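Please read the structure below before turning to the comments.
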Amino acid sequence: MNADERRFAVLRAIVADYVSTQEPVGSKAIVDRHNLGVSSATVRNDMAVLEEDGLIAQPHTSAGRIPTDKGYRQFVDRISQVKPLSSAEKRAVQTFLDGAVDLDDVLRRSVRLLAQLTRQVAVVQYPTLTRSTVRHLEVVQLTPARLMLVLITDSGRVDQRVVDLGDVLADTDVARLREVLGNALAGRKLAEASAAVAELPDTAPEDLRTPLLHLATVLIETLVEHPEERMVLGGTANLTRSHADFPGSLRQVLEALEEQVVVMRLLAASQDSGLVTVRIGEENEAEDLRTASVVTVGYGSGTPLGGMGVVGPTRMDYPGTISAVHAVARYVGEILTGR
């Protein structure tokens, strides 16, 4: 090893030991636990350089050092091989998610899995409507003057709306409406579908224009992106078990997680399916999360349907966390795009 490689090996050893023990790491411990093939004096010299570069710091008068945010960043950027899930873990993940009965169940199970695998707070965003395609629209006649619209997207998202028409419709008219709306919507992106529905009252047979106007108004409200996106959060108790990692700031982190807008902004940045993003400490835009690390990824095949990830202390098992987030996102994407 040259000097730079050796110093990175020392940094990697400090990260590994500090994540494992939560205790500052000294040169003797590094020599004893890691086969670097150098003396304690050499390790001490390397630690002095790492400290001068701002990659490690001395928290108090002990001889040990801990990684800084900058040190964790260099460690994460140079992870050459993410620790894969074991075969047993992969089977357990797949079996658990395959047992889900609908979209809500898939996302709830995903959050539970991520929280259990990483021992952090897990969050999953519902599929973003603008990225979805209409798979099917069902028109159900509840009464002669009341219809229920059931819109199903390719991501498994289901929206139901009840429409009071005011006038009685015959069964044959309901069937005609179902055909007209189905032809206009099926296979279209939601934004395109909204535009197509808006034109229907002007182009439809005259006797269907009034009921179509009622239906189109409700459908456009459904198809246009909801101002508030939904998400599922789980494993908050995991943070309280790591309260020592958040001296004086755990409350702010928990409050930030309760602010849906803050979390949605984090997940919205996950634009590429399968590409894991890691934000460490001060890299987080939200001030209340600057003592935490956030690991996120987009899920879905090709264009991501939404984002998922975990929030935890900067003293995190980054290789294991990245692997878990990536694996769960891949399985969720396969389940939703395969439905």
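So the values come out like this:
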| read-out | value |
| --- | --- |
| Subset of region 66-94 [touching a residue at least 24 places away in the same chain (Cβ under 8 Å), within 17 Å of I280 (Cβ to Cβ) and among the basic types (K, R)] | R73, R78 |
| Qualifying residue in region 174-193 (condition: over 25 Å from P304 (Cβ atoms), in a loop (DSSP other than H, G, I, E, B) and at pLDDT 85 or above) | no |
| Complete set of residues in region 39-57 that are open to solvent by less than 40 Å² (accessible area, probe 1.4 Å), of a type outside the set (G, A, S) and closer than 28 Å to H243 by Cα | M47, L50, L55, I56 |
| Count of residues meeting criterion [surrounded by fewer than 17 Cβ atoms within 10 Å (Cβ to Cβ) and either touching a residue at least 60 places away in the same chain (Cβ under 8 Å) or within 33 Å of the chain's Cα centre (by Cα) (or both)] in region 8-38 | 4 |
| Residue that is modelled with the highest pLDDT, among those in region 51-90 that are aliphatic (A, V, I, L, M) and more than 23 Å from A292 (Cβ to Cβ) | A88 |
| Residues of region 153-165 classified as in a strand (DSSP E or B) and either at pLDDT below 85 or open to solvent by 60 Å² or more (accessible area, probe 1.4 Å) (or both), total | 7 |
| Restricting region 306-319 to residues that are touching a helix residue (DSSP H, G or I) at 6+ places or on another chain (Cβ under 6 Å) and over 24 Å from R12 (Cβ atoms), the residue that is modelled with the highest pLDDT | M308 |
| Within region 183-193, tally of residues that are under 32 Å from the mean Cα position of the chain (by Cα) and open to solvent by 10 Å² or more (accessible area, probe 1.4 Å) | 6 |
| Complete set of residues in region 91-113 that are aliphatic (A, V, I, L, M) and farther than 16 Å from Q125 by Cβ | A92, V93, L97, A100, V101 |
| Selected residue [in contact with a strand residue (DSSP E or B) (Cβ under 7 Å, 6 or more places away or on another chain) and part of a helix (DSSP H, G or I)] from L107, L137 | L107 |
| Flag for T61 being out of contact with any Phe, Trp or Tyr (no Cβ under 7 Å at 6 or more places or on another chain) and closer than 25 Å to R241 by Cα | no |
| Within region 7-84, helices (runs of 4 or more DSSP H) holding 2 or more residues that are of a type in the set (S, T, N, Q) | 40-52 |
| The listed residue being closer than 19 Å to V276 by Cβ, open to solvent by less than 60 Å² (accessible area, probe 1.4 Å) and touching a strand residue (DSSP E or B) at 6+ places or on another chain (Cβ under 6 Å), out of R73, R65 | R73 |
| Selected residue [of a type in the set (K, R), out of contact with any helix residue (DSSP H, G or I) (no Cβ under 8 Å at 6 or more places or on another chain) and open to solvent by 50 Å² or more (accessible area, probe 1.4 Å)] from R119, R91, R78 | R91 |
| Residue list for region 195-220, restricted to those being in a helix (DSSP H, G or I), touching a residue at least 24 places away in the same chain (Cβ under 8 Å) and open to solvent by 20 Å² or more (accessible area, probe 1.4 Å) | D207, T210, H214, V218, I220 |
| Residues of region 247-294 classified as at pLDDT below 85 and among the β-branched types (V, I, T), total | 3 |
| Search result, residues across region 95-108 that are open to solvent by 80 Å² or more (accessible area, probe 1.4 Å) and in contact (Cβ under 8 Å) with a residue 40 or more places away in the chain | D98, R108 |
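The values are calculated or read from the model by the stated rules, or taken from the named source; none is laboratory data. Everything quoted here is computed from the prediction, not taken from an experiment. When we count neighbours, we look across all protein chains shown, and the Cβ atoms used for this are built from the backbone with ideal geometry, even at glycine. Ligands, DNA and RNA are excluded from the accessible area calculation, which covers all protein heavy atoms including side chains. Shrake-Rupley method; radii C 1.70, N 1.55, O 1.52, S 1.80 Å.
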